[in-house]
Amino acid sequence: MPFSFIDIEEKKTRVIGYLFAFIIVFYFVTSYLVLLVLENSVFPSFDYYTGRGFRMPPLEHTLIAFGVALIAGLMHWSLSTSHLIERICLTVGASPIDTKDTYHQYLKNIVDEVSVAIGGRRLEAYVIPSAAMNAFAIEDFGGRAVIGVTEGLLSRLNRAQIEAVVGHEAGHIISGDCLSTTVTCALSEIYDESFSKLGGALKRTRGRGSVVLLLLYLVIGAMRLMSNIIRYFISRQREYRADAVGVRLTRDPLSLAEALELISRTWRGQGAMGERMQSIFIINPAASQLDETEGLFSDMFSTHPPIKHRISILADMAHLDHKTLQENLKNFKRVAPIAKPEFKVEEAAAPASWLVFMGQDWLGPFGPAELLKLDGFKPDVWVRAEGSSVTSHAYEVPALLDLFRPAEVIGRTGAGNCPRCHTPLSEYSYEGVSILKCVYCEGVFVEQDKISRIFVRRDMDFGDDVVRLAKNFMGTKGKDALAEKIEPKNAWVLDCPKCHIQFKDKFKMRRQFFVHSYPVEIDRCSRCDGVWLDKYELEILQYLYEHKEQFFDGSNF
């Protein structure tokens, strides 16, 4: 029998009340134990008549301990539950979708469709820039709800499977357990994640800073003690309920079963940012043997039920056995959400070459880059396209008008000038990612956070030239390149097109290898981290990443 909204609200209130009461009890027990130690060590007593040297704290001291526990509990609750969504998203590395990214818009459309299916509840779509496959849902006290997926999941599952995953996460929200899970995560697992990071920082720090880190380490360590116990409030059954709700929303148990099967086979995020925030994810990022067992101990200390059991239940709904499901997935083919691996957002219909009337004669043909260097070339000069008899002023040709625009005007469109050709860059969509490209030298400028998206997605068909160049880079040519150092005079040559627009100054990019493993030289801006790649360099890096098992025996990028 489905929950009513009143039942859901009562259930959420009850669970959150239990959590708050537990925190107070935890701090009271901690304070009372400290009080016992102080009473019997700082102020020891020994009764010669009874032979007892241990005494219980008096009532007034016990009340003080309770007051301390209440204050500590309130502070812990307040700090942990303020800005819930922002803090958890920061911990797992999730961010709002990029509206110019085709894949992200594709996810938003799916989330919006599920939002309509659950009655119009507003859902925000977030993405974690990771090659792992996972998804999560979180909610705050203001009714704000977020559904997020990793780039790996978004690029490897088909639309029906992503809809099923989003439906599952929406099931957590409408069934009422999302808020309690989010609060539980903020009260415990977020400190578990911080504890791990501080431990690594403490090993690398010396001097006075290490003392401060040590104190923080001890405080967060004390809070971390309760994390495993607080997980008792997270029922494993909630995943079964969310699976059932997701099936009701999409009416497609097979797609959810396929999605869970594919996620379980791959890297889910173990060792990555936010790994310990396990309760919010559809599958535990860290593969745990405890998750795959049944019993009281597993029910108390594991946040997810056995994945095989979940898949089996969904396969039964689809009248399919688990073995047949696995056989079907061997022939699984994903359809990309983009029509082409690369297409131009703003088509430039202009010819490549122009004739210019100067000095009582027609000169040329010239390309746009050559026109810029031509002495006396002004907006009122007469021009005509090569092979055409139509004559007009240069300022009357939209394709040539950008040559006369100052950088401030070009900057309003978000594009800058090519650092090699010094002509305006055009905005392109490359595997769904918005990048800037020079139509003349075919170099591209890619922001740092977008490179990882391109590497995860596998929609590009590589030509023979790219494959040959990639193999050359990993062969003798690459080894020779690594052996040579880039000369200082050649290291800072190109201007960053993004910083030139944003900061109105010419900020140089540094010539370097993309990474030591892949000996491809690129230009990276030390201010914005954007990367300039000459013709074929982006495709070469992408090919090396997608076929790394050929060059590194399956090692990670």
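Mind listing whichever residues of the stretch 497-541 are among the hydroxyl-bearing types (Ser, Thr, Tyr) and assigned to a strand (DSSP E or B)? The answer is Tyr518, and nothing else. Within the set Ile8, Ile71, Ile16, the sole residue that is modelled with pLDDT of 65 or more and under 33 Å from the mean Cα position of the chain (by Cα) turns out to be Ile16. The residue that is modelled with the lowest pLDDT, counting only those in the stretch 502-557 that are over 22 Å from the mean Cα position of the chain (by Cα) and at positive phi, is Gly554. Ser298 is checked against (1) modelled with pLDDT of 90 or more; (2) of a type in the set (Ser, Thr, Tyr); (3) farther than 26 Å from Val114 by Cβ and fails just one. What number does that condition carry? Every condition holds for Ser298 apart from (1). Restricting attention to the stretch 29-51, does a residue exist that is at pLDDT 75 or above, under 34 Å from the mean Cα position of the chain (by Cα) and within 30 Å of Ser235 (Cβ to Cβ)? Scanning the stretch 29-51, I find no residue that is at pLDDT 75 or above, under 34 Å from the mean Cα position of the chain (by Cα) and within 30 Å of Ser235 (Cβ to Cβ), so the answer is no. Looking only at the stretch 314-364, count every residue that is under 18 Å from Leu400 (Cβ atoms), at pLDDT 85 or above and under 30 Å from the mean Cα position of the chain (by Cα) and tell me the total. Of the residues in that region, 0 qualify. Give the residues of the stretch 422-452 that are of a type outside the set (Ser, Thr, Tyr) and touching a Gly at 6+ places or on another chain (Cβ under 8 Å), sorted by residue number. Listed by number, the residues that qualify are Pro424, Leu425, Glu427, Leu436, Lys437, Phe445, Val446, Glu447, Gln448.
The rows are residues; the columns are (1) over 14 Å from the mean Cα position of the chain (by Cα); (2) among the polar types (S, T, N, Q); (3) more than 18 Å from Val433 (Cβ to Cβ); (4) surrounded by fewer than 18 Cβ atoms within 10 Å (Cβ to Cβ).
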{"residue": "Asp98", "(1), (2), (3), (4)": "no, no, no, no"}
{"residue": "Tyr126", "(1), (2), (3), (4)": "no, no, no, no"}
{"residue": "Ile138", "(1), (2), (3), (4)": "yes, no, yes, no"}
{"residue": "Gly142", "(1), (2), (3), (4)": "yes, no, yes, yes"}
{"residue": "Gly148", "(1), (2), (3), (4)": "no, no, yes, no"}
{"residue": "Ser155", "(1), (2), (3), (4)": "no, yes, no, no"}
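Restricted to helices (runs of 4 or more DSSP H) entirely inside the stretch 365-433, those with at least 2 residues that are touching a Lys or Arg at 6+ places or on another chain (Cβ under 9 Å) and at pLDDT below 80 are 407-411. Being surrounded by 24 or more Cβ atoms within 10 Å (Cβ to Cβ), modelled with pLDDT under 90 and part of a helix (DSSP H, G or I): is that true of Ser188 here? Yes: the conditions hold for Ser188.
The values are calculated or read from the model by the stated rules, or taken from the named source; none is laboratory data. The structure displayed is predicted, hence computed values, not measured ones. Please note: Cβ atoms are built from the backbone with ideal geometry, for glycine as well, and neighbour counts cover all protein chains shown.
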